[in-house]
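Notes for the one structure printed next.
No value in this document is a laboratory result; all are computed from the given coordinates. A quick note: this is a predicted structure, and the numbers were derived from the prediction, not measured. Quick reminder, even Gly has a Cβ in these numbers, built from the backbone with ideal geometry, and neighbours come from all protein chains shown.
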Amino acid sequence: MLAAEWAHQACLKDTQVKINSEFTIIKKYLSGIGAAYLNSNGVELAGGDDCAVLATQAKLLISTDTSVAGIHFLKSMQPHAIAYRAVSTALSDIAAMGGVPTAFNLSLVIPTFDPSWMKDFRKGLIKISKEHKIPLIGGDLVKGPLQISVTVLGQPGRKILLRSGAKHGDILCLSGVLGQAYMGLKEFKASSLINAQTKPYLFPKAQVGYAQAIAPYATAAIDVSDGIFQDLSHLIDQSNIGCELDLVKVPVADSLYQKQCLEFGDDYQLLFTVPPNKLALLQSKIKSMGKKCHTIGVIKGTRLKILNNPFKTIKNWDHFR
Ligand SMILES: [Mg+2]
């Protein structure tokens, strides 16, 4: 091993010093969450041993998402919001594939042990566990700068929605308004309140039901986590095709902040493509769920072309791609 690698390993060891009472804390605050859903989701063993045991003979969707304090969320957020948000943003990737979440795993790094913080954090885990009927099946607890890493498992639907399936002529659709997270964060920074405006940022919703409804008709999908330009670029790159995006058609939470609403991300809406002959069917299904499907562009050409673009520069978008 090179000297630099030794130094790196030594540094890792130093930050991975376990909290003395790790097992007591895990037992008290991180056990039994979603225990009611273990059997129905094929979990034979959750926690208490070296691994969780899942009974599965079918395909499994797996994704990990790490949220770091000060980067992905504010330290000033209530612990239950921090917990909910970290799990929900991870679940959004299962939704984006048209899957149903079955369980989650959690690695929690905390700077100090504060019982009231842990109690409130547990509340957030229970809330998201109940909403999606998923158990917490394991993880670990480490001392260090606050961060949460969540691994989610899911069962694929009849069709797995990939980023790579968009075809020439497909209609580009969006599941909801963009910028509610941006406006929510702005409001939370000013007021620290949990209200209708801050909730979309504090408690984002993974679009699980929506994705399952569109899966039979959609050709490709991605969740909008990094802003529409970036995520749309991923979708068309993976599909090896271009797109004409009409910004006038993209609904934003506040037109005064159109640019921020489009660029910020964190809304976890779904961006997806559907062949024109299946659009009416998809839209009527979505309407029957009381949801909306915004048509915002067409898959065509070889690059991303933006219509009605009032901006000189766009973050996360390379004009020369
Ligand atoms: Mg994603």
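With each pseudo-label sitting 7 Å past Cα toward Cβ, what's the F311-A55 distance in nm, one decimal?
With each label point 7 Å from Cα toward Cβ, the separation is 5.0 nm.
So how far, in whole Å, is the C-alpha centre of region 215-251 from the one of region 261-310?
7 Å
Give the relative contact order (percent, whole number) for region 17-155; include only Cα pairs under 8 Å separated by 6+ residues.
Averaging sequence separation for qualifying contacts and normalising by length gives 40 percent for region 17-155.
Where both partners of a DSSP beta bridge lie in the chain, what percent of those bridges are antiparallel, to the nearest 5?
Bridges in the chain are about 70 percent antiparallel.
Beyond 31 Å between alpha-carbons counts as too far, so tell me which of K189/K291; K291/K312; K127/K292 fall in that bin.
Beyond 31 Å: K291/K312.
Assign unit charges at the C-beta atoms only (+1 for Lys and Arg, -1 for Asp and Glu), then state the dipole size of the chain relative to its Cα centre in Debye, rounded to the nearest 20.
Dipole magnitude for the chain comes out near 860 debye.
Sorted by average packing, counted as other Cβ atoms within 10 angstrom per residue and highest first, what order do 253-266, 37-50 take?
Order by mean packing, descending: 253-266, 37-50.
Taking every pair of alpha-carbon atoms in region 17-155, give the share separated by more than 19 Å as a whole percent.
Cα-Cα pairs in region 17-155 separated by more than 19 Å: 46 percent.
So how many Å³ per residue does the convex hull of the Cα atoms of region 53-121 work out to?
109 Å³
How large are Rg and Dmax for region 163-307 when only the alpha carbon atoms are used, in Å?
Looking at region 163-307, its Cα Rg and Dmax stand at 15.0, 47 Å.
If I model a spin label as a point 7 Å beyond the Cα along the Cα-Cβ vector, how far apart are those points for K119 and A280 in nm?
5.9 nm
Counting Lys +1, Arg +1, Asp -1, Glu -1, what net charge surrounds I137 among other residues with beta carbon under 12 Å of its beta carbon?
Charge balance in the 12 Å sphere: -2.
Let me spell out the model: positive unit charges on the Cβ of Lys and Arg, negative unit charges on the Cβ of Asp and Glu, origin at the Cα centre of region 17-155. What dipole size does that give, in debye rounded to 20?
Value, rounded to 20: 380 debye.
Checking the cross-link filter: which aspartates and glutamates have an alpha carbon closer than 19 Å to that of K205, excluding same-chain neighbours under 8 positions apart?
List returned: D65, D93, E131, E187, D223, D226, D231, E263, D266, D267.
How long are the semi-axes of the ellipsoid equivalent to the chain, from square roots of 5 times the Cα gyration tensor eigenvalues, in whole Å, largest first?
Working from the Cα gyration tensor, I get semi-axes of 35, 23, 20 Å.
Can you give the FRET efficiency for R158 and H234, using 1/(1 + (r/R0)^6), R0 = 22 Å, r = Cβ-Cβ distance, to the nearest 0.05?
Calculated value: 0.40.
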